[in-house]
Structure formats: structure tokens, C-alpha cells
Amino acid sequence: MKYERIGDFKISWTLSIILNLVAGLVFISGFFLFFYLYMSYSDDHFCDRLLENSNIWISYGLVFIQVIMHEYSHAIGYKLCGGRVAYGIKWLCPYCREVSGLHYSSKGFAITLVLPLITGTVIGILAIMFFSQFLYYTITCMLVNISGAAGDITMLIYILLKAKNNYFIRDETYGFSIHKRVLA
């Protein structure tokens, strides 16, 4: 099967900085919103307990685990479509990249992009339901997952705007390329 390249999405140093700034803003905004809502609708003095009982090293460890789970969720999406993956960090961004050169349908690639948001949210909600005493840590992990998906959401928006249903996406070292199938 032959494919014709019709577009590219390239991640650069500048885009990486912008995405990290957006991720930081999303995290900080979400964190303050959580505290505001919690303090507004609860009699609990959560902030006092948080400062007394939280452990910054536990938070760092959970954030590290969250990043690994986020990238592994991408790997599950790739592997379900028959791909092979590699992991790394480029321009301050951890990544999971498909390395077998497969061409994914636009929908399949979009699902792979949002899979960490879905799995992270579901796991977070289950953690809140069954382990509410760890609300602070769970919310922190969920916010890290959401803010860490800034690049995924940016790529998803690009695909939704540029790629038609019959287009295919190929993961590249610089981002991804968009292709259409051509008759040989």
C-alpha cells in the first residue's frame, strides 16, 4: 500500500517551551481551583491538614509514576494497533513514540493521543471513590496527567483540523506526518 505525505506536525524547541508553559498554567490553575472549591464547600480545613501531613517526596514520586503511566497508556494504544514503541525525553517532554513506521487511521491515532487522559481520569475517580483520604495526592496526579497532555491535545486539535477520516498518521521523530492512501 502506498501513501502520499500531505502534511507534517513538527515539535520544536519553541513549541516545547510553549507547551510546558501551558502545562504549568493548567496545573497551577487547576490546583488553585481545587483548593478554592474545597475550601468553599467543605467544613474541613484541608489546607491546614495538607501542610501538616503531606510529604513532598511522596508527591514527587507519584508525579514520576503518573508520567510513566501516561506514556505507557500511549504505548497501549500503539500496541493495540500492532506498533512497537520507544520511550525518551526530548526538549523537556517525555514521550512514547511508535517506531515500526505504521500508518494509523486518524481516529486510531486520535484515540492513542487521548488514551492517557481517559485512563488517568478513570483511575483518579476510582482512587477518589475508594481512597478519599489521599484526595490531595490523587488530585495532584490527575492535574499532572491533564497538564502533561498539553502536547497530546495540541496534536489532537491539529489532526481534527487537518486530517480527514480517510487520512493516515505516521509517528515521526519530529512529531508526525499526515498521509493519504494512493492507488498504485
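The values are calculated or read from the model by the stated rules, or taken from the named source; none is laboratory data. For clarity, every value in this text was computed on a predicted model and none was experimentally measured. Virtual Cβ from ideal backbone geometry, glycine too; neighbours counted across all protein chains shown. Calculation scope for accessible area: heavy atoms of the full protein, side chains included, ligands and nucleic acids excluded. Shrake-Rupley method; radii C 1.70, N 1.55, O 1.52, S 1.80 Å.
Brief remarks on what is shown
- Residues (of a type in the set (Val, Ile, Thr) and either in contact with a Cys (Cβ under 6 Å, 6 or more places away or on another chain) or surrounded by fewer than 17 Cβ atoms within 10 Å (Cβ to Cβ) (or both)) located in segment 102-113: 111
- Of residues in segment 139-164 being part of a helix (DSSP H, G or I) and among the charged types (D, E, K, R), the one most open to solvent (accessible area, probe 1.4 Å): 162
- Residue under evaluation residue 82, criteria (1) on the phi < 0 side of the Ramachandran plot; (2) at pLDDT 85 or above, criterion not met: (1)
- Matching residues in segment 82-101 - criterion: being surrounded by 17 or more Cβ atoms within 10 Å (Cβ to Cβ) and outside any strand (DSSP E or B): 83
- Residue among 174, 167, 136 that alone is surrounded by 14 or more Cβ atoms within 10 Å (Cβ to Cβ), out of contact with any Leu (no Cβ under 9 Å at 6 or more places or on another chain) and touching a residue at least 60 places away in the same chain (Cβ under 8 Å): 167
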